[in-house]
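First the structure, in the form of structure tokens, and then the observations on it.
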């Protein structure tokens, strides 16, 4: 008999755990290598990730699939203080995979043969998680890489932040709108026209979203802190569509194509007096999951990276002068 030198399967798996801990251990419990069935049970499942909202139907796993699930685990499960699972992160350092909805995609080098078993078990995990309406993500090394030597945050931190933001928003919206939330009495609100009431509620909802994002997503928080520090006020942002999306013949077709894109690309440009236009373009996997949209994370991530670029350029100019 013997004792393993580490409970982690690799140095990368260990490093990623401690990266999660440095940002989230103050508010979440991070559990490593839990059996899959300790987190999710394949019962009362529904397939709802279809373009037709009416195409929601129950499904069940086969006996063979159940046997596979009994033998598999999850790399990182983040839980609340009561040990309730909130989301799962699967690290795929071998094939550098990621998920789009319930589909697993590999970014492995061409000389590395595809692994049919890996494809099958990853797809099954995603299918069970999404069928349980539970946030589950597959990421590679790039998602766990620090954004810079100065900013020890990762794309995974942004993913977690988006899930927590969505959860906080849902809980707040479930409480409903109270005019006092907008500094009004019920009598004052009742005197408003229908349009004024609608605008007030919309402003309140936007405030709820902003507060949730600033509270729970460290990427967003750092992006706005840095833009204020650097006095970056003028900027533009645009999504870079693929040819398929650009050629869409209708809004409905465009929405459908955007939803099924494997990657989403965003360009952020700061207009500065000292450096002129400073731009950066970022491409992310289209992580479609419960409680998280890449369209929430990508703009803030792109803004942060563009601000870091401005900071670096200014430091270089200062050093050269």
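The values are calculated or read from the model by the stated rules, or taken from the named source; none is laboratory data. The shown structure was predicted, so the numbers you read here are calculated from the model rather than taken from an experiment. No Cβ is skipped: glycine too gets one built from the backbone with ideal geometry, and neighbour counts run over all protein chains shown.
Would segment 235-254 turn up any residue that is within 16 Å of the chain's Cα centre (by Cα) and either loosely packed, with under 15 Cβ neighbours inside 10 Å or in contact (Cβ under 8 Å) with a residue 40 or more places away in the chain (or both)? Looking for residues that are within 16 Å of the chain's Cα centre (by Cα) and either loosely packed, with under 15 Cβ neighbours inside 10 Å or in contact (Cβ under 8 Å) with a residue 40 or more places away in the chain (or both), one finds none in segment 235-254, hence no. Answer with yes or no whether residue 270 is crowded, with 16+ Cβ neighbours inside 10 Å, touching a helix residue (DSSP H, G or I) at 6+ places or on another chain (Cβ under 8 Å), modelled with pLDDT under 95 and not assigned by TED's automatic domain parsing to the domain that holds residue 130. In short, no. Under the condition of being without any contact (Cβ under 8 Å) to a residue 60 or more places away in the chain and surrounded by fewer than 13 Cβ atoms within 10 Å (Cβ to Cβ), the residues counted in segment 1-14 number 8. If you go through segment 262-287 and keep only what is outside any strand (DSSP E or B) and free of Cβ contacts under 8 Å to residues at least 60 places away in the same chain, you end up with 273, 274, 275. Give the residues of segment 298-321 that are farther than 17 Å from residue 148 by Cβ and either touching a residue at least 24 places away in the same chain (Cβ under 8 Å) or outside any helix (DSSP H, G or I) (or both), sorted by residue number. Hits for segment 298-321 are 298, 299, 317, 321.
Against the definition (surrounded by 15 or more Cβ atoms within 10 Å (Cβ to Cβ), within 26 Å of residue 226 (Cβ to Cβ) and under 17 Å from the mean Cα position of the chain (by Cα)), how does residue 164 come out, yes or no? Even if it seems obvious, please write down each step before you answer.
On the way: surrounded by 15 or more Cβ atoms within 10 Å (Cβ to Cβ): yes; within 26 Å of residue 226 (Cβ to Cβ): yes; under 17 Å from the mean Cα position of the chain (by Cα): yes.
Here the answer is yes, as residue 164 does meet what is asked.
Are any of the residues in segment 221-243 part of a helix (DSSP H, G or I), at pLDDT below 95, at negative phi and out of contact with any strand residue (DSSP E or B) (no Cβ under 9 Å at 6 or more places or on another chain)? Yes, some residue in segment 221-243 is part of a helix (DSSP H, G or I), at pLDDT below 95, at negative phi and out of contact with any strand residue (DSSP E or B) (no Cβ under 9 Å at 6 or more places or on another chain).
List the helices (runs of 4 or more DSSP H) that sit entirely inside segment 107-193 and contain at least 3 residues that are outside the structural domain of residue 47 (by TED's automatic domain parsing) and under 18 Å from residue 293 (Cα atoms).
Answer list for segment 107-193: 155-175.
Output the number of residues of segment 294-321 satisfying the condition of being under 17 Å from residue 213 (Cβ atoms) and either crowded, with 21+ Cβ neighbours inside 10 Å or touching a helix residue (DSSP H, G or I) at 6+ places or on another chain (Cβ under 7 Å) (or both). Looking only at that region, the number is 10.
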